[in-house]
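**Student:** Before I ask anything, here is the structure I am working with.
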Amino acid sequence: MAGNAKDNYVECPVCGFQNRAGSLMCDNCGTLLNLTAESRRATRDLRDIANELDEKTTEAVKAPRQDKVRGAEYRIGMAVHLRVEEAVQPIVIGPELLTGDVIMGRRDPITEQVPEVDLDRYAGYRMGVSRRHAILRLIGDELKLVDLGSSNGTYLNGERLEARKPTTVLEGDVLRLGQIIMKVKFLKVQQG
């Protein structure tokens, strides 16, 4: 007596495809076969959890970005260290210079004027730094960065600054003038 033809096949619980008896996975959709009802439910639960995680991740990406926690404020009398990427020595701006505007840029070959922070030694021209690119200025007791209408922009923590609008600089901030990137650090000046 021949066996029932249906006994030679296993129906996929997901797509209904008739797979050969003994198959572990559906040849049509890849679903595991011969699972108990409990293990199928567990598999679905894992899929549901994965879908929920995907939804939460999507919501987190769509959520408005929160402001990052930024560093300490500048205090009168401190020196400002600007560490240019891949440079050995930082640019040091002493507190005596911060009594006026500290121009950041590169030397003007026509007038021979040199800014207080000369970025020529970091390939300023090639890196897109304007001659009078930006200034650091104390306004009240806050250190501000002001773009002077530079061609290639001044950035604070990745955000392009609006020209001639003072923006507060805090410890740990990352400045970019053209393509020159530098990190800000404030240090107390030793008096002696």
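The values are calculated or read from the model by the stated rules, or taken from the named source; none is laboratory data. Keep in mind that what you see is a predicted model, and the values were worked out from it rather than measured. When we count neighbours, we look across all protein chains shown, and the Cβ atoms used for this are built from the backbone with ideal geometry, even at glycine. To get the accessible areas, we keep the full protein, side chains included, count just its heavy atoms, and leave off ligands, DNA and RNA. Shrake-Rupley method; radii C 1.70, N 1.55, O 1.52, S 1.80 Å.
**Student:** Net charge near Leu187, counting Lys/Arg +1 and Asp/Glu -1 over other residues with Cβ under 12 Å of its Cβ?
**Tutor:** Numbers: positive: Arg75, Arg83, Lys185, Lys188; negative: Glu171.
Net of charged neighbours comes to +3.
**Student:** Extension gain Ser23-Glu85, at 0.36 nm per residue separation less the Cα-Cα distance, in nm? Working shown, then result.
**Tutor:** Details: separation 62, 0.36 × 62 = 22.32 nm, distance 5.93 nm.
Going from the current span to full extension adds 16.4 nm.
**Student:** Considering only Leu97, Val114, Tyr125, whose Cα is most displaced toward the positive end of the charge dipole of segment 81-192, charges sitting on Cβ of Lys, Arg (+1) and Asp, Glu (-1)?
**Tutor:** Highest projection toward the positive end goes to Tyr125.
**Student:** Go ahead and run the numbers for FRET between Lys188 and Ser151, Cβ-Cβ distance against an R0 of 25 Å, rounding to 0.05. Walk me through the intermediate numbers first.
**Tutor:** Numbers: r = 36 Å, r/R0 = 1.44.
Efficiency computed from Cβ-Cβ geometry: 0.10.
**Student:** Roughly speaking, to the nearest percent, how much of segment 63-159's 1.4 Å accessible area is carbon and sulfur?
**Tutor:** On the way: 2810 of 5800 Å².
Result for segment 63-159: 48 percent of the exposed heavy-atom area is carbon or sulfur.
**Student:** Stick to the Cα atoms of segment 116-184, pair each with every other, and give me the Kirkwood hydrodynamic radius in Å at one decimal.
**Tutor:** Values: mean 1/r = 0.0833 Å⁻¹.
Mean inverse Cα-Cα distance, inverted, gives 12.0 Å.
**Student:** Could you tell me the convex hull volume per residue, in Å³, taken over the Cα atoms of segment 74-114? Working shown, then result.
**Tutor:** Details: hull volume 4.0 nm³, N = 41.
It comes to 98 Å³ per residue, whole-number rounded.
**Student:** Next question. Before I look further, what does segment 102-192 give for accessible area per residue, probe 1.4 Å, in whole square angstrom? Working shown, then result.
**Tutor:** Details: 5030 Å² over 91 residues.
The answer is 55 Å² per residue.
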